[in-house]
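The block underneath contains the structure these notes are about, expressed in structure tokens.
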Amino acid sequence: MFNFNHVTISVDNLEDTLIFYKKFGFELFKEYHDENVDIVMLKLGDMILEIFHYQEKVQLPEHSKDLGIDLKTIGNKHFGLGVKDIIVAKKFVEDNKLCNKEITITKGRLGKPYFFIKDPNGNN
């Protein structure tokens, strides 16, 4: 009856955000613009990433910039992209300079390897 529809993020810099996510294969799906907000939907397979860019913004709280601390705060934390080979994915991110710090692959508590990066706005 239900299926996954979309994830939404708010951003400070729409242009840099679109460049960033398009490098992962996201493609423009829909968009809306008015004097207060730009809304852009990108699509990757069946996944939709909805991006809000308001003219008047509220910056991310400092505690939310550190994922290790922010995981304890109630609310959305990140979204994940699946890959066939995490080593190849890590190399892709590094080669395309999509992360400005060293990437560490970690084996999760549930046994799946992962790594985190942030988009140009600090979203995980």
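Provide the net charge surrounding Ile39, with neighbours chosen by a C-beta distance below 10 Å and charges set as Lys +1, Arg +1, Asp -1, Glu -1.
Residues close to Ile39 contribute a combined charge of -3.
Hey, what number do you get for the chain at 222 nm if only DSSP H runs of n ≥ 4 count, each worth -39500 (n - 2.57), divided across all residues, to the nearest 500?
Taken over the chain, the calculation gives -5000 deg cm²/dmol.
With 10 angstrom as the radius, rank Lys101, Lys77 by how many other C-beta atoms surround their C-beta, starting from the fewest. Mind dumping the intermediate values first?
Details: Lys101 7, Lys77 14.
Starting with the residue having the fewest Cβ neighbours, the order is Lys101, Lys77.
Amide H neighbours of Ser10 under 5 Å, at least 5 residues apart or on other chains, H built in the peptide plane: list them.
Under 5 Å from the amide H of Ser10: Phe52.
Among Lys57/Lys90; Lys57/Lys91; Lys65/Lys112; Lys91/Lys112; Lys57/Lys107; Lys77/Lys97, which pairs are too far apart, with a Cα-Cα distance over 28 Å?
Lys57/Lys90; Lys57/Lys91; Lys57/Lys107
What is the local net charge at Asn100, summed over the other residues whose Cβ is closer than 15 Å to its Cβ (Lys, Arg +1; Asp, Glu -1)? Please list the in-between numbers first.
Details: positive: Lys23, Lys65, Lys90, Lys97, Lys101, Lys118; negative: Asp16, Glu94, Asp95, Glu102, Asp119.
Summing Lys/Arg as +1 and Asp/Glu as -1 gives +1.
Using the alpha carbons of the chain, what is the convex hull volume per residue in cubic angstrom, as a whole number? Mind showing how you got there, number by number?
Details: hull volume 18.3 nm³, N = 124.
Expressed per residue, the convex hull around the Cα atoms of the chain is 148 Å³.
Measuring from label point to label point, each 7 Å out along Cα→Cβ, what is the Lys118 to Ile69 span in nm?
1.1
Do any GluC sites (Glu not before Pro) in region 44-124 lie in a DSSP loop with no more than 15 other beta carbon atoms within 10 Å, and if so, which?
In loop regions of region 44-124 (DSSP not H, G, I, E or B), the sparsely surrounded GluC sites (Glu not before Pro) are Glu56, Glu102.
Taking a cut-off of 21 Å between Cα atoms, list the lysines near Lys30, but don't count ones fewer than 8 places away on the same chain.
Lys30 reaches Lys22, Lys43.
Taking 8 Å as the Cα distance limit and 6 or more residues as the minimum spacing, I'd like the relative contact order of region 47-124 as a percentage.
Once normalised by length, the contact order is 21 percent.
Between 0 and 90 degrees, rounded to the nearest ten: what's the tilt of helix 86-95 against the longest Cα principal axis of the chain?
For 86-95 against the chain, the angle is about 60 degrees.
Which one of Phe52, Phe29, Phe20 has the biggest mean-square fluctuation once the chain is modelled by GNM with Cα springs under 10 Å?
The residue with the greatest mean-square fluctuation here is Phe29.
Take the chain, connect every pair of alpha-carbon atoms lying under 10 Å apart with a spring to form a Gaussian network, then pick out the residue of Glu27, Glu15, Glu35 with the largest mean-square fluctuation.
Residue with maximal mean-square fluctuation among Glu27, Glu15, Glu35: Glu35.
Using the basic label-point model (7 angstrom from Cα toward the beta carbon), what is the His33 to Val88 distance in nanometres?
3.6
Read the figures in this text as sums done on the coordinates, not as results from a lab. Predicted, not measured: the structure shown is a model, and the values here were computed from it. In this analysis, Cβ positions are derived from the backbone assuming ideal geometry, glycine residues included, and neighbour counts consider all displayed protein chains.
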